[in-house]
Amino acid sequence: MSHTPSSDYSDLSRPPLNESDLRSSLVRAGQMWSSISVVRQTGSTNDDLRAAIATDAPHGTILVAEEQVAGKGRLDRRWSAPPRSSLTFSMLLRCPGRPPAPWGWVPLAAALAVCDALQRFEVASVKLKWPNDVLVADKKVAGVLTELHSGRQADEVDAQNIVIVGIGVNVSQTADELPSSVATSLALESATTDRTAILRGILRGFQATLDQWQSGETAQLRERYLDVSATVGRSVNVELPGGRQIQGRAVDIDSSGGLIVMDGSTRHAVAAADVTHASLAT
């Protein structure tokens, strides 16, 4: 059942996003973002942009939903929130030909952009749990879901790699509205709940981090990520695709954005997995 109220202003504590402000500040000639649309409700912004690939939606297309009724996170986990209590949006990125750096850095770059934006709003104790969960005081406040689509044309030079990056940020949810006790919201952390300003900050930051990726500057991205990593240095439980599990200590991020885990003397390079922090490192 939809929670959408009859009026955009029926809940004054959760005002709608300012679409005109977002467009005027972000969609400019020579900049990355080509269009930004805010819809009242949809199933999933990632699904909507996936469908838009077939209609040749351009690089830099952004879709924001005031409410998602069929949103999902990593490992197909379902995600929902009351209308206008969060930021839920997706971005479509096109990369002609061979990517300049490993695709594994794109979700990490998106998480870095969220982290940087929250830090600029003076949100305390913002860290990243590998690969792309944003934590405040060790509780999840935001997550990223990326989907890579490859389309081959007759001319290999024109081959398109397309990535959809979806981001969800808990903004004004109360404790009762969050899915678990290990989640939090900006409101619960006494931080800003100005969703228009937060979204603008994330998108500007993501353009900067993506510029580093497109320039092949993954060493700089790695340094920035390590500075805010809540995972490296901790004992972790790692569940790999297929169900295999590893227990060890996260020690580094490799050149592809993967997590390096030491299990005794055995070194594991993890590219995709569900990671749980087992304990604080001593």
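Every read-out reported here was derived from the displayed coordinates using simple, explicitly stated rules and does not represent laboratory data. Please read these numbers as outputs of a predicted model, since none were measured by experiment. Positions of Cβ are generated from backbone atoms using ideal geometry, with glycine treated the same way; all protein chains shown enter the neighbour counts.
Key figures
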read-out: Relative contact order, percent, the stretch 218-282 [alpha-carbon distance under 8 Å, six or more residues apart]; value: 33 percent
read-out: Estimated vicinal HN-Hα couplings, Hz - the stretch 179-185 in sequence order (Karplus 6.51, -1.76, 1.60; Gly, Pro = x); value: x, 7, 6, 9, 10, 9, 10
read-out: Estimated [θ] at 222 nm from DSSP helical runs (n ≥ 4, -39500 (n - 2.57)) normalised by residues in the chain, nearest 500; value: -7000 deg cm²/dmol
read-out: Nonlocal amide H pairs with TRP130, under 5 Å, H built at 1.01 Å; value: ALA230, THR231
read-out: The stretch 19-227: relative contact order in percent, alpha carbon pairs under 8 Å with at least 6 residues between; value: 21 percent
read-out: Nonlocal amide H pairs with ARG234, under 5 Å, H built at 1.01 Å; value: ALA250
read-out: Cβ-defined net charge surrounding GLU217, 13 Å radius [Lys, Arg +1; Asp, Glu -1]; value: 0
read-out: Cβ crowding within 10 Å averaged over residues, with 219-227, 129-137, 205-213 ranked highest first; value: 129-137, 205-213, 219-227
read-out: Derived scalar couplings ³J(HN,Hα) [the stretch 80-95; Karplus, 6.51 cos²θ - 1.76 cosθ + 1.60; whole Hz; x for Gly, Pro]; value: 8, 7, x, x, 6, 8, 8, 9, 10, 8, 9, 10, 9, 10, 10, 10
read-out: The chain: radius of gyration over Cα atoms, expressed as a fraction of 2.2 N^0.38 Å; value: 0.99
read-out: Residues with amide H under 5 Å from that of VAL39, placed H, sequence gap 5 or more; value: VAL64, ALA65, GLU66
